[in-house]
1. Can you spot a residue in the range 8-28 that is surrounded by fewer than 18 Cβ atoms within 10 Å (Cβ to Cβ), on the phi < 0 side of the Ramachandran plot and assigned to a loop (DSSP other than H, G, I, E, B)?
2. Checking the structure you have, find out if any residue of the range 47-64 is surrounded by 17 or more Cβ atoms within 10 Å (Cβ to Cβ) and part of a strand (DSSP E or B).
3. Which members of the range 119-152 meet the condition of being at pLDDT 95 or above, closer than 23 Å to residue 41 by Cα and in a strand (DSSP E or B)?
4. Would you mind stating whether residue 144 is within 16 Å of the chain's Cα centre (by Cα) and either more than 16 Å from residue 13 (Cα to Cα) or surrounded by fewer than 16 Cβ atoms within 10 Å (Cβ to Cβ) (or both)?
5. Here is a list: 17, 51. Which entry is over 26 Å from residue 125 (Cβ atoms) and at pLDDT 95 or above?
6. Conditions first: (1) outside the structural domain of residue 24 (by TED's automatic domain parsing); (2) over 18 Å from the mean Cα position of the chain (by Cα); (3) modelled with pLDDT of 95 or more. Residue 58 passes all but one, so which condition is the exception?
7. Go through (1) in contact (Cβ under 8 Å) with a residue 24 or more places away in the chain; (2) touching a helix residue (DSSP H, G or I) at 6+ places or on another chain (Cβ under 7 Å) for residue 23 and report which single condition fails.
8. Scan the range 31-46 residue by residue and report those that are in a strand (DSSP E or B), more than 16 Å from residue 147 (Cα to Cα) and out of contact with any helix residue (DSSP H, G or I) (no Cβ under 9 Å at 6 or more places or on another chain).
């Protein structure tokens, strides 16, 4: 995870958790030379409604205005993780063991950057995933993006 994301997570946690929500994660996505997008995912056992996202957005937006962690212009987006929930922290991979997921790596590992299969859990800093009947061990630091695959 990038250091800008680490700082955003610390700031978001100061707002989200006291409001009674789980902070799933926060990421900064640069969008050309024009700034970027701060994306924050929240969850709650009762689910997330638009009113929840609005309340968190107002509180978090005020904190980000004061702390100013990202130079330049950016948009703030607060949402639920959705059916294709992003996996942003190592403990997410353990929590969702047994679920189908899709991973994209920052560089090739075993001649590929994309993996889709069933999460098996975590060993240290390594994510275990079964792909086409074979267990693959992927270092967490190589994972660029990861999501659950929505199954109906």
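The values are calculated or read from the model by the stated rules, or taken from the named source; none is laboratory data. What you see is a predicted model; the values in this text were computed from it and never measured. Using ideal geometry, Cβ is built from the backbone for each residue, glycine included, and neighbour counts are taken over all protein chains shown.
1. no
2. No; the residues of the range 47-64 include none that is surrounded by 17 or more Cβ atoms within 10 Å (Cβ to Cβ) and part of a strand (DSSP E or B).
3. 119, 121, 122, 127, 143, 146, 147, 148
4. Spelling it out, residue 144 is indeed within 16 Å of the chain's Cα centre (by Cα) and either more than 16 Å from residue 13 (Cα to Cα) or surrounded by fewer than 16 Cβ atoms within 10 Å (Cβ to Cβ) (or both).
5. Testing whether each residue is over 26 Å from residue 125 (Cβ atoms) and at pLDDT 95 or above leaves just 51.
6. With (1) outside the structural domain of residue 24 (by TED's automatic domain parsing); (2) over 18 Å from the mean Cα position of the chain (by Cα); (3) modelled with pLDDT of 95 or more applied to residue 58, the lone miss is (1).
7. Unmet for residue 23, out of (1) in contact (Cβ under 8 Å) with a residue 24 or more places away in the chain; (2) touching a helix residue (DSSP H, G or I) at 6+ places or on another chain (Cβ under 7 Å): (1).
8. The answer is 36, 37.
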